[in-house]
1. Provide the per residue accessible area, probe 1.4 Å, for the chain, rounded to a whole number of square angstrom.
2. Leaving ligands, DNA and RNA out of it, report the carbon-plus-sulfur percent of the accessible area of segment 2-73 at a 1.4 Å probe.
3. Given Cβ point charges of +1 (Lys, Arg) and -1 (Asp, Glu) and nothing else, what value in debye, to the nearest 20, does the dipole of the chain about its Cα centre take?
4. Taking a ≥ b ≥ c as the square roots of the Cα gyration tensor eigenvalues, with a/c under 1.5 meaning rounded and otherwise prolate when a/b beats b/c, else oblate, which class fits segment 1-52?
5. Could you identify which residue out of VAL93, VAL57, VAL79 has the top mean-square fluctuation in a GNM of the chain using Cα springs shorter than 10 Å?
Amino acid sequence: QVQLVESGGGLVQAGGSLRLSCAASGRTFRLSRMGWFRQAPGKERELAASITWSGGVTYYADSVKGRFTISRDNAKNTVYLQMNSLNPEDTAVYYCAARTEANPLRYDYWGQGTQVTVSS
């Protein structure tokens with residue numbers, strides 16, 4: 001029903017910035033909330049940030065508050081994650097995920113992931 005494609009990952013130095021993009025296609029009218037998850041080596045998957053399509057209500061994990069900003073372009077069905085003041089602990093595979101109105105409490109759709117590596 002929904003396809004998600006991430007882009008924008010790469011290698012940056014500590015203190016640098018990077019912006020990730022997630023393009024949604026398909027039955028996008030059913031989407032209620034978009035989230036950016038990340039999974040670092042040896043760590044559990046973590047929800048870094050999320051945003052609702054309708055009201056733009058955001059959530060941030062304590063580990064990224066003040067450094068990351070999530071936003072969306074409804075016309076383009078695209079969600080962004082602006083990452084500033086990056087440090088090596090931010091190194092992870094970042095995944096875009098989506099909740100639908102049919103399953104409002106679960107992320108049912110996932111992208112392929114994009115690698116973010118921060119060097120010291």
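The values are calculated or read from the model by the stated rules, or taken from the named source; none is laboratory data. On a predicted model such as this, the values are computed, not experimentally measured, just so you know. Here the Cβ positions follow ideal geometry from the backbone for every residue, glycine too, while neighbour counts run over all protein chains shown. The protein model used for the area step is the full one, side chains on, heavy atoms only, and it has no ligands, DNA or RNA in it. Shrake-Rupley method; radii C 1.70, N 1.55, O 1.52, S 1.80 Å.
1. Accessible area per residue, the chain: 52 Å².
2. Roughly 47 percent of what the probe reaches on segment 2-73 is carbon or sulfur.
3. Dipole of the chain, to the nearest 20 debye: 260 debye.
4. Numbers: a/c = 2.36, a/b = 1.71, b/c = 1.38.
Here segment 1-52 falls in the prolate category.
5. VAL57
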